[in-house]
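For reference, the structure discussed in these notes is given below.
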Amino acid sequence: MRRYKVRLSESEREELKSIIKKGKSPAYKIKHAHILLSVDEDTLNRTDQETAKSCHCHINTVANVRQRFVELGYEIALNWNQPKEPPRAVLLDGDGEAQLLRIACSKCPEGRSSWTMQLLADRLVELKVVESISDETVRLTLKKTKSNRT
C-alpha cells in the first residue's frame, strides 16, 4: 500500500511528455518527469522499485519525488533540485570581516607570540561583533580573505 499516491491531470501528463520529448531541460527535471509519469496511478502505476530501475536512480529519489508531488505540488516536484537558501546565515558580514582583519593584523596579546584562531574568536565575542563564533569560522574567513597573519 502506497502512502503517497500520484494522480496527474491530462494537462500535467502532456507537459511532462513534452519536457521528455524536447530534451532541452536540465537532466534532473527530465528524470523527475519520467518518475512522475511512471508512478501515475491512472496510467503506468509502476512500483517505486520498477521506476527506480527504469530511470536509473535510487529508490529514495522516486519516493522523494512522489512525496513532494503530494505534499508540495506539481511544480515543486518537477523543479526540485537543491534548496536555494544557504543552510546557515553568515556570521561575519563585511564589517565583521574588517574587524577580524584589524584584530588579526594588530599586535598580539601579552605573553603570546601570535594570534591563534581561538584567541581571535574570543576577541570578536569580547568586542560584541558576534554573539558566538567558532575558531573554524574565523579560520575560513581569514582563508577567504587571503590574509597572511605572519
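The values are calculated or read from the model by the stated rules, or taken from the named source; none is laboratory data. This is a predicted model, so every value here is computed, not measured. Glycine gets a Cβ as well: all are built from the backbone with ideal geometry, and neighbour counts include every protein chain shown.
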- Message: Regarding the stretch 79-96, can at least one residue be identified that is hydrophobic (A, V, I, L, M, F, W, C), free of Cβ contacts under 8 Å to residues at least 12 places away in the same chain and under 17 Å from residue 8 (Cβ atoms)?
- Response: no
- Message: I'd like the residue in the stretch 15-29 that is among the basic types (Lys, Arg) and in a helix (DSSP H, G or I) and, out of all such residues, is nearest to residue 80 (Cα to Cα).
- Response: 29
- Query: Out of the residues in the stretch 112-129 that are outside any helix (DSSP H, G or I) and out of contact with any Cys (no Cβ under 6 Å at 6 or more places or on another chain), which is nearest to residue 38 (Cα to Cα)?
  - Reply: 129
- From 38, 134, grab the single residue that is at pLDDT 90 or above and closer than 30 Å to residue 19 by Cα. 38
- Residue by residue through the stretch 65-78, note down the ones that are surrounded by fewer than 18 Cβ atoms within 10 Å (Cβ to Cβ), in contact with a helix residue (DSSP H, G or I) (Cβ under 9 Å, 6 or more places away or on another chain) and free of Cβ contacts under 8 Å to residues at least 24 places away in the same chain. 76
- Task: Scan (1) closer than 22 Å to residue 88 by Cβ; (2) part of a helix (DSSP H, G or I); (3) of a type in the set (Gly, Ala, Ser) for the single condition residue 132 breaks and write down its number.
- Result: (2)
- Query: Just for helices (runs of 4 or more DSSP H) wholly inside the stretch 49-111: which have at least 2 residues that are at pLDDT 90 or above and within 19 Å of the chain's Cα centre (by Cα)?
  - Reply: 59-72, 74-79
- Item | Long-range neighbours under 7 Å by Cβ, at least six apart or interchain, first residue closer than 12 Å to residue 139 by Cβ within the stretch 102-128, second hydroxyl-bearing (Ser, Thr, Tyr) and surrounded by 13 or more Cβ atoms within 10 Å (Cβ to Cβ) | 104/147
